[in-house]
Amino acid sequence: MAIGFLDLISTAVLHAHGKIEELNPVMRPIIQHSEWAFVFVKALTLITCWATMVWYWPQNSAFVRRTCLIGSAVYFSIWLAWFLIGTHS
């Protein structure tokens with residue numbers, strides 16, 4: 001969740017100041033429309049994921065924990081790859 005919200009804030013602020021462009025093809029049209037629309041959609045996605053994890057935790061906490069770790073690693077890896085590609089373009 002922390003990675004997601006850090007990404008949300010940094011992306012919205014840096015895009016608003018013209019420092020970056022969104023590389024995610026799903027989110028790009030949303031942020032081009034409005035940074036506030038981007039914040040709303042991304043926050044809604046993160047909150048939905050969090051609520052799902054909280055709901056499922058009592059049923060299978062090991063699965064939720066493992067999914068969070070794997071998801072965080074994948075999220076960070078994609079972000080890092082896009083960052084490195086963007087700085088070499």
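The values are calculated or read from the model by the stated rules, or taken from the named source; none is laboratory data. Note that the structure is a prediction, hence the values are computed from the model and not measured. Glycine also receives a Cβ, built like all others from the backbone with ideal geometry; neighbour counts cover every protein chain displayed. In case anyone asks, the SASA skips ligands and DNA or RNA and just uses the protein heavy atoms, side chains included. Shrake-Rupley method; radii C 1.70, N 1.55, O 1.52, S 1.80 Å.
In the chain, helical runs assigned H by DSSP with n ≥ 4 each contribute -39500 (n - 2.57); averaged across all residues and rounded to the nearest 500, the mean residue ellipticity at 222 nm is -26500 deg cm²/dmol.
For region 18-85, with all protein chains in place and a probe radius of 1.4 Å, 73% of the accessible heavy-atom surface sits on carbon or sulfur. Helices that extend 27 Å or more along their long axis by alpha-carbon positions and average at least 0.5 on the Kyte-Doolittle scale are, among the DSSP H runs of the chain, 35-56, 61-87. Of the residues 83, 2, 71, the one whose Cα sits farthest towards the positive end of the charge dipole of the chain is 71 (charges of +1 on Lys and Arg Cβ, -1 on Asp and Glu Cβ, taken about the Cα centre).
Here the dipole of the chain is about 240 debye; that uses its Cα centre as origin and unit charges on the Cβ of Lys and Arg (positive) and Asp and Glu (negative). Annotation for the chain: trypsin sites (Lys or Arg not before Pro) lying in DSSP loop with at most 15 further Cβ atoms inside 10 Å of their Cβ are 19. Placing a pseudo-label 7 Å from each Cα along the Cα-to-Cβ vector at residue 7 and residue 26 gives an inter-label distance of 1.0 nm.
Measuring how big the chain is from its alpha-carbon positions, Rg and Dmax come out at 14.6, 46 Å.
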